[in-house]
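Each remark here refers to the structure printed beneath this line.
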Amino acid sequence: MRALLNLIRWMLLGLVRSRTSIEAENVALRHQLKVLCRSATKRPVLRMSDRLVFILLYRLAPSILNAVTIVRPETIVRWHRAGFRSFWRWKSRRHAGRPSVAPEIRRLIREMSLANPLWGAPRIHGELLKLGIDVGQTSVAKYMARRRRPPSQGWRTFLLNHADGIASIDLFVVPTISFRSLYGLLVLGHGRRRILSLAVTVHPTAEWVAQQVTEACGWDVAPQYLIRDRDRAYGDAFTRRIRAMGIRDRPTAPRSPWQNGYAERLIGSIRRECLDHVIVFGERHLRHVLRSYVEYYNGARTHLSLTKDSPFTRPVQRVGSILPQSVLGGLHHHYVRI
């Protein structure tokens with residue numbers, strides 16, 4: 001800064017000096033610059049103020065390029081152009097404009113775009129407007145998740161879209177107090193994990209199994225596919241009946257119980273939550289126990305796969321005192337508000 005002030009002082013003094021003295025001083029300064037450039041071992045370091053001085057002199061008199069020695073003329077021109085760009089960038093800076101989008105709204109836009117791969121910016125913008133979030137559609141397109149491949153549904157979505165048309169069937173054995181074997185038949189709908197039928201018999205014949213499937217469907221629409229294992233109880237009478245009902249039979253591969261995983265898991269739940277804690281007296285007693293468990297399972301028991309809801313949608317109660325209702329003699333409880 002002091003050097004710049006000295007330069008301005010000498011420029012003002014030069015206005016009142018004679019031309020001969022000014023020319024003599026210029027010659028002396030040029031010779032000193034040549035001596036310094038000859039003896040200098042490294043490149044001179046210029047500050048920002050030094051560059052501004054050269055730029056201002058270039059603006060006042062472009063002919064000074066012929067007098068510059070320590071830098072090349074192209075360097076001063078490049079400095080001037082860089083200053084020109086910086087000046088107009090500062091002059092054109094944004095003073096006011098569209099308000100910034102809050103981080104939680106950005107996160108919501110990204111989550112909506114990931115959860116709905118078939119939605120575009122207009123659809124997400126419409127959903128945000130319905131939620132009372134006033135944001136521009138261009139902002140929605142800016143903060144959406146970018147994909148390298150065309151949008152596609154996930155396997156979970158694909159399977160859930162076909163679950164309503166699938167049912168599964170399986171048999172399980174229950175010992176009684178007299179060491180007899182009773183057979184339970186489970187018919188499960190995959191859509192809401194609802195137990196369609198849970199019957200009991202001593203002799204599971206193909207005709208009896210076919211009749212239970214017919215009663216399980218009742219007046220409802222029959223499922224399109226029925227998953228079962230290769231037990232001999234599913235004989236010709238069974239296959240003819242379900243074919244007449246328009247159901248496609250889909251037996252699993254031999255020794256592959258995991259292919260009927262929903263039914264196998266539910267049978268495990270029935271054993272862990274009910275049958276392992278009860279001594280069955282007979283067929284009538286087992287039928288009564290299983291009927292009570294079906295009512296509890298379909299109407300009150302919450303499921304992780306249904307986002308903590310029951311197969312028959314259970315309403316949320318917020319008002320009233322909480323009262324427990326016993327199920328299976330107190331083995332389980334159902335809590336309600338009254």
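Any read-out appearing in this document is the output of simple, stated calculations on the displayed coordinates, not a laboratory observation. On a predicted model such as this, the values are computed, not experimentally measured, just so you know. Note: ideal-geometry Cβ built from the backbone for every residue, glycine included; neighbour counts use all protein chains shown.
So here's what we get for this one:
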read-out	value
Whole-Hz couplings from phi, Karplus 6.51/-1.76/1.60, listed for segment 217-227; x for Gly and Pro	6, x, 8, 6, 5, 5, x, 7, 10, 10, 9
Placed amide H near D229: partners under 5 Å, 5+ positions off or other chain	T252
Difference of contour (0.36 nm per residue) and Cα-Cα distance, E273 to I322	15.3 nm
Stretch gain in nm, segment D309-T214, where the contour uses 0.36 nm per residue and the Cα spacing is subtracted	31.4 nm
Computed Rg/Rh of segment 244-338, alpha carbon atoms with Kirkwood Rh	1.06
Cleavage-rule hits (trypsin sites (Lys or Arg not before Pro)) in segment 275-338: DSSP loop, at most 14 neighbouring Cβ within 10 angstrom	K308, R318
Computed label-point distance, nm, for sites R192 and L56 using a 7 Å Cα→Cβ extension	8.4
Fully extended contour minus Cα-Cα distance, from Q137 to K91, at 0.36 nm per residue	13.7 nm
Alpha-carbon centroid distance for the pair segment 199-248 / segment 96-147, whole angstrom	49
Modelled FRET efficiency - R0 56 Å, M48 with E111, Cβ distances, 0.05 increments	0.75
